[in-house]
1. Suppose a student asked you for the relative contact order of region 128-257, using Cα pairs under 8 Å spaced at least 6 residues apart; what percent would you report?
2. Between rounded, prolate and oblate, where does region 94-211 land on the alpha carbon gyration tensor, with a ≥ b ≥ c its root eigenvalues, rounded for a/c under 1.5, else prolate if a/b exceeds b/c?
3. Counting alpha carbon pairs within less than 8 Å and at least 6 residues apart, what relative contact order, in whole percent, applies to region 17-117?
4. If the cut-off is a Cα-Cα distance under 20 Å, which aspartates and glutamates reach K213, setting aside same-chain residues fewer than 8 apart in sequence?
Amino acid sequence: MRPCPRGKVKCDDGRVITIGQLAAYVGVSIKTIRVYHDKGLLPEPDRDASGYRRYDADDAIDLIKIRTLAEAGVPLARIRELRAATDGEFREALSEIDEELTARIRDLRATQARLRRLVAGQPAPVPAEVAAHLEHLARWGFTPWWVDLQRDLWILVFATHPDHAITLFHDQAESLAEPALRQLFLDYDRAHDLDARDPRIDDLARRMVQATKARYGSEELPHLDEDSGIPSLIQGTVNASSPAWRRIDALVRQQLNA
């Protein structure tokens, strides 16, 4: 590079832009350009006779490419590799980056939708068939408190055990489709506010044991397994809300394990 004489607007090799002008044009800071110099992403020109480093249009184009890739989340080390790639390799890499961005945008939009639901005070979404099931609960006469509890529990189960949640949901939905079992659940719902020493608690626990044995027979009862994550998660949440329910659970376990 031939230095520009002091006062000359344009150097012989076309470098006329100062680092400050380049930064303003591309929309980055001078510090960022110097980082790109240090990382070997953007060649650093020599200083002219005035002591300034001058840049040309090619430098601006290169800087725009670097900034765009950096804003897309591409690590600087990867950008340095791409700067040395062939045109074909560069286009292929850009296609991969575009696909990654598309996935990130989709995830961000889903996160934004959840955030807006929280702001609006709306509950987190559940699968469509679970939502339909919750509507059935209300029509069947379950209390609003019970419906809200079921919604919260299924949100929790689907979030923590997505591979098994739908199977457990279908099992409960099938139980509630049977009128006798549905009545048992209704009685359980209404026992929430009973005193834990109320004799109706013992009768309800006995009926629940009979129904459980009739449904599962002599098979191992998964809901009694203390090491099973999902049943423990559900029952622990339910028990915490009512002393009566906590006593029912203790009686059922006692009688089934006898």
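1. 25
2. Numbers: a/c = 3.22, a/b = 2.46, b/c = 1.31.
Prolate is the answer for region 94-211, as a/c is 1.5 or above and a/b outweighs b/c.
3. Across region 17-117, relative contact order equals 22 percent.
4. Cross-link targets: D171, E174, E178, D187, D202, D203, D225, E226, D249.
Every number here is computed from the coordinates shown, using simple stated rules; none is lab data. Because the structure is predicted, anything quoted here is derived from the model rather than measured.
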